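One structure, pasted below without further comment.
The values are calculated or read from the model by the stated rules, or taken from the named source; none is laboratory data. Everything quoted here is computed from the prediction, not taken from an experiment. In this analysis, Cβ positions are derived from the backbone assuming ideal geometry, glycine residues included, and neighbour counts consider all displayed protein chains.
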Amino acid sequence: MDSTTLILVGLAGLIIGFVVAKILEKGKASKTVANAKKEASTILKEANIEGENVKKDKIFQAKEKFLELKAEHEKVIINKDKKIAEAEKRTRDKESQVSNELAKSKKLNEQLDRKIKDVLHKEEFFEKKQAELEKLHNNQVQQLEVISGLSAEEAKSQLMESLKETAKTDAMVYLQTTLEEAKLTAQQEARKIVINTIQRIGTEEAVENCVSVFNLESDDVKGRIIGREGRNIRAIEAATGVEIIVDDTPEAIILSCFDSVRREIARLSLHKLVTDGRIHPARIEEIVRKTEKQIEQEIVEIGKRTVIDLGIHGLHPELIKAVGRMKYRSSYGQNLLQHSREVAKLCGVMAAELGLNPKLAKRAGLLHDIGKVPNTEAEVETPHAILGMQWAEKYGEKPDVCNAIGAHHDEIEMKTLISPIIQVCDAISGARPGARRQVLDSYIQRLKDLEEIAFAFNGVQKAYAIQAGRELRVIVESEKVSDDKAAQLSFEISQKIQTDMTYPGQVKVTVIRETRSVNVAK
């Protein structure tokens with residue numbers, strides 16, 4: 001075979017192979033398509049089934065949501081219905097209440113109208129009765145005039161005489177009330193009286209408190225105290241601040257100074273100078289300096305002994321000095337240190353009886369008058385109770401003690417139970433017989449005079465002057481003195497005491513009338 005034939009045979013083979021390959025591919029493709037169609041139909045069926053399921057689920061969920069919303073809506077409607085029903089009920093209740101009140105008010109108005117009519121009717125009735133009573137009274141007066149032979153004026157005068165005693169009693173009561181009211185507005189007049197009194201007796205009292213007498217062995221010492229051209233006496237006065245009065249009083253010179261400490265320093269210095277015999281300015285200054293140191297030490301020792309005796313501990317040294325200085329001070333003629341010790345003891349006893357702290361009460365009682373020994377002139381202007389309270393606060397005393405010191409003359413408010421105890425014990429110590437400037441005989445005579453004034457009145461059974469003559473207690477006989485007469489008697493006794501006696505402070509007159517009924521069983 002030639003080459004052409006071979007080529008043709010080869011081409012024919014290639015074409016046959018290509019055709020066979022195409023036929024095979026076409027068969028595979030048809031199978032693939034068929035398989036794909038089957039899978040697609042299966043997927044579509046599954047998708048339809050799943051879609052139906054989802055659709056059913058969504059419809060079910062929607063139904064549930066609808067039911068929930070419907071239930072909530074029904075609840076809201078039910079609540080609104082309840083509120084509306086409650087509001088309607090309240091409205092009905094208020095309407096019924098208002099209607100009841102209207103009915104009551106109508107009844108009250110009707111009752112009020114009836115009462116007004118009754119009152120008007122009774123008023124007319126009483127007016128008629130009053131007219132009838134006046135007629136009867138006039139007839140009775142005429143009959144009494146005929147029977148007694150007295151005219152109405154004469155009977156009236158006798159009646160006035162019989163009522164005079166009662167009128168006098170009422171007048172006394174009214175006068176006493178008027179006087180009590182007048183006392184509230186009499187402050188200006190009281191100030192004038194106090195000023196006049198101070199002018200009359202101030203000099204005498206000041207001399208008694210500001211003067212000491214220094215006794216001498218002979219009058220020859222007076223010349224030595226005066227010195228050449230008075231240089232010694234001038235040196236003593238300059239060193240001590242005390243005025244020395246040398247007059248014709250035999251064997252005595254007078255030391256005058258308002259400060260008792262300085263007066264004591266001058267007295268002791270003079271005693272040392274006179275005893276030593278050397279009296280000249282240099283010696284005077286040396287002795288005065290030594291005496292001042294001695295007095296200062298003595299003041300501290302007195303303060304320490306006082307607080308130890310009273311069982312008081314932890315007191316500031318400055319307060320101890322103030323306590324010691326009290327020895328050289330007096331209040332109304334009463335030694336200030338003795339008064340403070342007495343008040344401290346009374347406060348301790350009273351606090352113990354009342355269940356309070358007796359040590360704290362003693363402390364406040366001892367310190368209550370430390371303001372009366374000021375150190376500077378500026379402090380003199382401050383009331384002693386306030387000044388003492390300021391010192392106590394400055395030196396670390398407790399608030400209870402400070403308040404008791406400041407309030408014992410009512411210059412500040414009392415805030416503790418100890419404060420009134422201090423005030424009461426201060427009054428007890430100052431008011432007891434013989435404590436302050438007053439002779440015992442004159443005190444006893446004043447009490448006797450008080451009782452005798454009470455016995456001068458009719459019906460007085462017993463009379464007692466108590467509370468150091470500040471109260472007169474009168475016991476009367478109930479058969480002779482009535483209640484109204486007792487009030488009148490109290491007023492008359494107080495007026496009699498006021499006009500006939502001289503006394504400090506006030507005197508309270510208490511009349512006691514006791515009625516007793518006694519029967520005997522046999």
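Being more than 30 Å from ALA344 (Cβ to Cβ) and at pLDDT 75 or above is the requirement here; does GLU479 meet it?
When the stated conditions are applied, GLU479 passes them.
Based on what the data block shows, is ILE287 assigned to a helix (DSSP H, G or I), surrounded by 14 or more Cβ atoms within 10 Å (Cβ to Cβ), free of Cβ contacts under 8 Å to residues at least 24 places away in the same chain and over 50 Å from the mean Cα position of the chain (by Cα)?
Against the criterion (assigned to a helix (DSSP H, G or I), surrounded by 14 or more Cβ atoms within 10 Å (Cβ to Cβ), free of Cβ contacts under 8 Å to residues at least 24 places away in the same chain and over 50 Å from the mean Cα position of the chain (by Cα)), ILE287 qualifies.
Still on this model: Filter region 499-518 for residues that are farther than 14 Å from LEU447 by Cα and at pLDDT 85 or above; which is surrounded by the fewest Cβ atoms within 10 Å (Cβ to Cβ)?
Going through the qualifying residues, I end up with THR499.
Ok, one more. Looking at (1) crowded, with 16+ Cβ neighbours inside 10 Å; (2) closer than 14 Å to GLU237 by Cα, which is the only condition SER260 fails?
(2)
Give region 467-489 a look and list any residue that's part of a strand (DSSP E or B) and closer than 20 Å to SER517 by Cα, or say none.
ILE475, VAL476
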